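Enquirer: Handing you a structure now.
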Amino acid sequence: MTRRGIVLFAALGIAWGIPYLLIKISVGELDPAMVVLGRTAIGALFLLPLAFARRQVLVVLKRWRPLLAYTALEIVLPWFFLSAAEQRLPSSTSGLLLAAVPLVGVGVAFLFGRPARLTLLNWLGILVGMLGVAALVGLDVAGSDLVGVLEIVVTVVGYAFGPAILSKWMSDLPGLGVVSVSLTLTAIVYLPVVALTGGFPAQLPSPPVVVSIILLGVVCSAVAFLIMFALVGEIGPVRMTTITYVNPAVAIIAGALVLHELVTVWTIVGFVLVVGGAFLVTWHRAIAPPDPEAPPAELAQ
């Protein structure tokens, strides 16, 4: 990997690893729906002008049916439930549990009639990953937080279905257009939701929360997407997906350093098993090379 590739990889690992920390800070003062509205509106304002300039908006809107399904399953539902879960769970645990997305993706592939040819090593990865999730849920998460775990489950399922929809019905569409329109649609959906539920803050949130929302929208969504494009061009789409194994580590470190979240033995065991399982599940899987402009699932984190 070139020096530029290393820099881009490190930057993307941070940009996709810190959302859990930023969400945790934000939901301390804001309703989860308001957090989603804030980050999607900021991200849309950043990306939509670029998509219009490149004439990538109308071509995406013509495929409105799968676009709506993708937006609902990749952003609208997961981002709300992830924010809600972080009111109950440590940010590091949320990041670790979401590393199970590739495991669920195997089942989604079967449902979509595109079953992956799994080797014995892939099946071992599924087993290892499940043991990791069990370690986190059964030994590292208190029983009172199981509601938060269920909310993470919704997020994981959504993140697994989103790329499948993208691959089957929108793989030929420009990624910048898809993400910018999806962020815009999500913001439009949550605006009346926040208004009707009284989710708008009565006063200006504290500086850490304001900064967190801005970083979520600009860095973790918009800028991360642009970095992803550059990284795909530098090292290719397949090697770029290894960023998935970096994000949980960043989430654990950020939670421990900034929020002083407790890192237990089972946190480490769960990290090794979940990330190791995800790695084995995706090892040498026969898949068609993704479109360089197609956004991977991690972007929506």
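The values are calculated or read from the model by the stated rules, or taken from the named source; none is laboratory data. All values derive from a computational prediction rather than experimental measurement. Methodologically, a virtual Cβ is constructed for each residue, glycine included, from the backbone with ideal geometry; neighbour enumeration extends over all protein chains shown. For accessibility, only protein heavy atoms count, side chains too; no ligands or nucleic acids. Shrake-Rupley method; radii C 1.70, N 1.55, O 1.52, S 1.80 Å.
Enquirer: Could you tell me the distance between the Cα centroids of the stretch 168-243 and the stretch 1-74, to the nearest Å?
Expert: So the separation of the two Cα centres works out to 1 Å.
Enquirer: How would SER91, SER171 rank on accessible area, largest to smallest, probe 1.4 Å?
Expert: If we order SER91, SER171 from most to least accessible, we get SER171, SER91.
Enquirer: What percentage of the solvent-accessible surface of the stretch 1-117, computed with a 1.4 Å probe over protein heavy atoms, is contributed by carbon and sulfur atoms?
Expert: Its accessible area is 67 percent carbon and sulfur atoms.
Enquirer: Something else now. Leaving out ligands and nucleic acids, note down the accessible area per residue over the chain with a 1.4 angstrom probe, in whole Å².
Expert: Value for the chain: 45 Å² per residue.
Enquirer: Mind telling me which of PRO208, PRO78, PRO163 comes out most flexible in a GNM of the chain, alpha-carbon contacts under 10 Å?
Expert: PRO208
Enquirer: Something else about it: Work out the charge dipole of the chain with +1 on the Cβ of Lys and Arg and -1 on the Cβ of Asp and Glu about the Cα centre, then indicate which of LEU215, VAL258, VAL269 is farthest towards its positive end.
Expert: Of the options given, the answer is LEU215.
Enquirer: Out of VAL76, VAL59, SER94, whose Cα points farthest toward the positive end of the dipole of the stretch 52-94 (charges: +1 Lys, Arg; -1 Asp, Glu; placed on Cβ)?
Expert: VAL59
Enquirer: Sticking with this one: Could you size up the charge dipole of the chain around its Cα centre, putting +1 on the beta carbon of Lys and Arg and -1 on that of Asp and Glu, and report it in debye to the nearest 20?
Expert: 860 debye
Enquirer: Can you pull the percent of the stretch 150-260's accessible area that's carbon plus sulfur, 1.4 Å probe, other chains left in place?
Expert: Roughly 76 percent of what the probe reaches on the stretch 150-260 is carbon or sulfur.
Enquirer: Let me ask something else about it. Could you tell me which of rounded, prolate or oblate describes the stretch 89-232, using a ≥ b ≥ c as the square roots of the eigenvalues of the alpha-carbon gyration tensor, with rounded for a/c under 1.5 and, failing that, prolate when a/b is larger than b/c and oblate otherwise?
Expert: Oblate is the answer for the stretch 89-232, as a/c is 1.5 or above yet b/c matches or exceeds a/b.
Enquirer: Label the chain by shape, choosing from rounded, prolate and oblate, from the square roots a ≥ b ≥ c of the eigenvalues of the Cα gyration tensor; if a/c is under 1.5 it is rounded, and otherwise prolate applies when a/b is larger than b/c, oblate when it is not.
Expert: It comes out rounded by the Cα gyration axes.
Enquirer: What are the membrane-span-like helices in the chain by this rule: whole DSSP H runs, Cα extent along the axis at least 27 Å, mean Kyte-Doolittle hydropathy at least -0.5?
Expert: 32-53, 120-139, 146-169, 175-196
Enquirer: Can you bin the stretch 3-139 into rounded, prolate or oblate? Criterion: square roots of the alpha carbon gyration tensor eigenvalues sorted a ≥ b ≥ c, rounded for a/c under 1.5, prolate for a/b above b/c, oblate for the rest.
Expert: oblate
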